[in-house]
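The values are calculated or read from the model by the stated rules, or taken from the named source; none is laboratory data. On a predicted model such as this, the values are computed, not experimentally measured, just so you know. Cβ placement follows ideal geometry from the backbone for every residue including glycine, while neighbour counts extend to all protein chains displayed. Ligands, DNA and RNA are excluded from the accessible area calculation, which covers all protein heavy atoms including side chains. Shrake-Rupley method; radii C 1.70, N 1.55, O 1.52, S 1.80 Å.
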Amino acid sequence: MAAAIPTIAEASRQIAAKKLSPVELTRACVERVHALDDRLHAFVHLTEERAFAEARAAEALIMTRGPSGPLHGIPIGLKDIVDTKGIPTTCQSKLLQDNIPGRDATCAEKLSAAGAVLMGKLTTHEFADGGPSFDLPSPPARNPWNTDHFTAGSSSGTGAAVASGMILCGIGTDTGGSIRGPAAYCGIAGLKPTYGLVSRAGVAPAAFSLDHIGPMAWNAEDCAIMLQALAGHDPRDPASADRPIPDYAAVLGGGIKGAKIGVIHHFHETDHKVADSTQRGIDAAIATFRDLGGEIREVQLSPLQDWVACGTLISIVERATAYEEWAQTRLADFGDRMRTRLMLGAFVSGVDYVQAVRRRRELRAELKAAMADLDVVVTAVFPGEAPKIEAVPRWDTFQPPGFMMPFNVAGYPAMSICSGFGAQGLPVAIQLVGKPFQEATVLRIADAFEKATPFRNRRPSP
């Protein structure tokens, strides 16, 4: 089963050559959902009838006119905080079990316009917060490499569904790592774009100044294809950037000779020392970049703890703000993890929030200066392989500092790609971070790494 799963790029080429039917591809994905999802819990709402209708419509158009683009006829999924017209959007919460939006989110509109086939809505943590909760309307997603283990979150269903081949790509959202985390633990690729590049309109908020929307797929090439459809200005999102969108796929395959790659060694070797398997993956990645012609530099920033404290305080306050009315009137209807975090955020003083915002400006200026002569920087995504799902602590936000929050604080593009496998056979990953709106560079370097290493040849067998 695993060997037959194509990438978007492979499937789109076969569809264009009329060697693969969108209906057949959709049927294969639906069969995987029926075979696997009783164990993986990646879907909260499977839109099987709609998927086949869209696949038949795509096939009819392609047969007469050819595909409109590389996503035409490709099965996708949307995280269940993304509004979908006429389809439930529950945010994995008791508060929204009957919520059926009257309009699609902008990201859903764009993927539909690109001809993608919607397979359904994917599991998330409640309102994209908290951790794996067992008191919500649907169970948490499980890792397809080992179902005893965590997917990370909050784009948990997207990570599990892409890795297992139930969909070819999906939407993730990222406030402190919710695209990159599941990408890392599930062994796929996930890109958090620059703040404002992809519209958040119609997506349930977490923390408005940290929220990002982005692609999750098997590899960097597929993320580039998705980002091409998603990026662009949207007046519905007040933070949306209005700037030209490059051809992200056009730069792939160009190599990385001369690329200046910084390594933030102290993040993962001193501030939060990673496991041996993760360190080996980072060291091997640096050697690969050097072999490909990259120039490796050392980068020194403020301690990881400073970045994470700043971002976490901003995050919990902005989340409490977003759900203040329900917290005051329906607090008991939230799951335990979400409820306690909302209460915590409500008790942070305005002075502390303003000080965190001030510190954020200093940290962003620091990263800008450090990357002035660099193309990307590298660090870890997680300290090790995915833990068992029952072992994830209640207050995981306040455990040793994570490696992803700094780049939400900065708003810079950051990507997780698989860099190997640990002692338990679970994936480990590296994080590539680029300058603002330089996603094309991040994708080019990620793509070169993936093509120079064997890790994209191995799929889970859940």
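Averaging Cα coordinates gives a centre for segment 8-72 and one for segment 390-462; these two points are 27 Å apart.
When all protein chains stay in place and ligands, DNA and RNA are ignored, the 1.4 Å accessible-area order of LEU313, LEU432, largest first, is LEU313, LEU432.
Using Cβ point charges alone (K and R +1, D and E -1), the dipole size of the chain about the Cα centre works out to roughly 540 debye. Counting charges near ALA380 (Lys, Arg +1; Asp, Glu -1) among other residues having Cβ under 14 Å from its Cβ returns a value of -2. Of the whole protein surface, GLU366 contributes about 50 Å² of accessible area at a 1.4 Å probe radius.
How much mean residue ellipticity at 222 nm does the chain get from its helices, if each DSSP H run of length 4 or more adds -39500 (n - 2.57) and you divide by all residues, to the nearest 500 deg cm²/dmol?
Helix-only estimate at 222 nm: -12000 deg cm²/dmol.
Only the Cβ atoms of Lys and Arg (+1) and of Asp and Glu (-1) were treated as charged; on that basis the dipole of segment 41-118 about its Cα centre amounts to roughly 140 debye. Rounded to the nearest 0.05, what FRET efficiency do ARG39 and GLU390 give with R0 = 25 Å and r taken as the Cβ-Cβ distance? Could you check? Rounded to the nearest 0.05, the efficiency is 0.95.
Couplings for segment 452-460, taken from phi via the Karplus curve 6.51 cos²θ - 1.76 cosθ + 1.60 with θ = phi - 60°, read 9, 10, x, 6, 7, 8, 10, 10, x Hz in order; Gly and Pro are left as x.
P(r) for segment 145-272, from all Cα pairs and a bin width of 5 Å, is 2, 11, 17, 18, 19, 17, 10, 4, 1 %, short bins first.
Rg over Rh for segment 245-305 works out to 1.07, using Cα positions for both radii and the Kirkwood form for Rh.
Amide H contacts under 5 Å for ARG297: ILE261, GLY262, VAL263, restricted to partners 5 or more places along the chain or on a different chain, H placed in the peptide plane at 1.01 Å from N.
Its alpha carbons considered, the chain gives a radius of gyration followed by a Dmax of 20.4, 62 Å. Candidates GLY170, ALA229, GLN305 compared by Cα position along the dipole of the chain: farthest toward the positive end lies ALA229, with charges placed on Cβ. In plain terms, if you count all Cα to Cα distances in segment 51-142 and split them into 10 Å steps from zero, the share in each step is 17, 40, 28, 12, 3 percent. Solvent exposure of the chain, expressed per residue, is 37 Å² of accessible area, with all protein chains present and a 1.4 angstrom probe.
How would segment 380-462 be classified by its alpha-carbon gyration tensor: rounded, prolate or oblate, with rounded meaning a/c under 1.5 and the a/b versus b/c comparison settling the rest? It is oblate, given that a/c is not under 1.5 and a/b is not larger than b/c.
Comparing ALA58, GLY345, PRO182 along the charge dipole axis of the chain, the residue lying farthest to the positive side is ALA58, per the Cβ-charge model.
The length gained by stretching the chain between LEU95 and ARG364 to full extension, at 0.36 nm per residue less their Cα-Cα distance, is 93.2 nm. The residues packed around ALA284, meaning those with a beta-carbon under 11 Å from its beta-carbon, carry a net charge of 0 if Lys and Arg are +1 and Asp and Glu are -1. Taking all Cα pairs closer than 8 Å and separated by 6 or more residues, the relative contact order of the chain comes to 18 percent. Quick one: of LYS94/LYS121; LYS192/LYS435; LYS18/LYS121, which pairs are farther than 21 Å apart, Cα to Cα? Exceeds cut-off: LYS18/LYS121.
Over segment 1-158, the reciprocal of the mean inverse Cα-Cα separation, the Kirkwood hydrodynamic radius, stands at 16.2 Å.
Residue-wise, which Karplus ³J(HN,Hα) couplings in Hz belong to segment 232-245, taking 6.51 cos²θ - 1.76 cosθ + 1.60, θ = phi - 60°, and x for glycine or proline? Ordered by residue, 3J(HN,Hα) equals x, 5, 9, x, 6, 10, x, 9, 5, 7, 10, 8, x, 10 Hz. Shape class of segment 276-419 from the Cα gyration tensor (axes a ≥ b ≥ c, square roots of the eigenvalues): oblate, since a/c reaches 1.5 or more and a/b does not exceed b/c. Across segment 155-165, rounded Karplus estimates of 3J(HN,Hα) from the backbone phi angles (6.51 cos²θ - 1.76 cosθ + 1.60, θ = phi - 60°) give 7, 5, x, 5, x, 5, 5, 5, 4, 8, x Hz, Gly and Pro being marked x. When a 1.4 Å probe is rolled over the protein heavy atoms, the share of accessible surface on segment 310-436 that falls to carbon and sulfur comes to 55 percent. The peptide list 336-345, 145-154, put in order of mean Cβ contacts within 10 Å with the highest first, becomes 145-154, 336-345. Based on the Kirkwood approach, the hydrodynamic radius assigned to segment 276-343 is 15.9 Å, with every pair of different Cα atoms included.
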